[in-house]
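See structure below.
The values are calculated or read from the model by the stated rules, or taken from the named source; none is laboratory data. Worth saying up front: this structure is predicted, and the values here are computed from it rather than measured. Here Cβ is always computed from backbone atoms with ideal geometry, including for glycine, and neighbour counts include all displayed protein chains. Heavy atoms of the whole protein, side chains included, go into the accessibility calculation; ligands, DNA and RNA do not. Shrake-Rupley method; radii C 1.70, N 1.55, O 1.52, S 1.80 Å.
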Amino acid sequence: MLQNQLSILRPDAPSNLHITAVTDTTITFAWDTVDNADFYLIRIAGETRPRQFNSSPAVVTGLVYATVYSAKVSAVNGVIEGNSSDVVTQKTLLPKPTILRFLYGETYINGTSINSPSITNCRIYRKGETTALLTGTITAGVLRIYVLGNVNIIPGNEYDIRAIDGNPNLPTSAAGMPTTITAELAKITLNNVVASSGVVSGTTENNGQVRISVDGVNKTVFTATSTGSYTGNISGMVAGSVVKAEAKVGSIFPSYVEKVAT
């Protein structure tokens, strides 16, 4: 009689255990719920104690990046645990790389990632997309993506950068967690210009260069201070002259501002 009662109380094994999401430190498991289950136990291979969850889906946290985990789930009715589900296996992702500020016009996007012999490549994507625009390198943890002149890199647009776990040319490789950057235009300001004084001043990137032109004629290039201020004298200005200041990044001048001299 007792055995029959236990059989009635014992919950079925959860079916359809699968992965719905994965990050560098979490895996989200889901399964078909069991009618008479009070809660569920997820057993991660290598862990001494199961993790308890009240429902599906369930997020298992505190995991290690780029690590393979096997898991199974069982249902519990009161104190009676049912049979376990089939085992599923999932590898966690690489963490987000650290990316330096990127100015449109620079040759490379630079940053750092995990220093491992198996991590040799990274990729850049339009934000939120999964089709890579370019592939870069990771050497001893140093990340570089050559972007100079690439038509897919547009000033003001946002991009995701991910380290690649494994050979990027094989289907077994996996893109890691994304770091989102903006292809920034170099900052540039120009103070009001008084023609009679000949002084041109403003701000730009720290230690950056600024090309000054008057009425479409290039005059000179100023180098800003370590705090981004620039100033200098320009000849040939008259009231009504159009003074243009352009910030230099690499070999181009992607951002500018104009003032009419008074």
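Quick look at the values:
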| read-out | value |
| --- | --- |
| Flag if THR203 is out of contact with any Ser or Thr (no Cβ under 7 Å at 6 or more places or on another chain) and either crowded, with 18+ Cβ neighbours inside 10 Å or not basic (Lys, Arg) (or both) | no |
| Yes/no for VAL88 being without any contact (Cβ under 8 Å) to a residue 40 or more places away in the chain and aliphatic (A, V, I, L, M) | no |
| Total residues in region 111-142, condition among the hydrophobic types (A, V, I, L, M, F, W, C), in contact with a Leu (Cβ under 9 Å, 6 or more places away or on another chain) and in a strand (DSSP E or B) | 2 |
| Output for region 160-181, where each listed residue is open to solvent by 40 Å² or more (accessible area, probe 1.4 Å) and either assigned to a strand (DSSP E or B) or under 30 Å from ALA247 (Cβ atoms) (or both) | ARG162, THR180 |
| Failed condition for THR225, given (1) under 30 Å from ILE109 (Cβ atoms); (2) assigned to a strand (DSSP E or B) | (2) |
| Matching residues in region 134-159 - criterion: being more than 16 Å from ILE252 (Cβ to Cβ) and either among the β-branched types (Val, Ile, Thr) or open to solvent by 10 Å² or more (accessible area, probe 1.4 Å) (or both) | LEU134, THR135, THR137, ILE138, THR139, ALA140, VAL142, ARG144, ILE145, ASN152, ASN157, GLU158 |
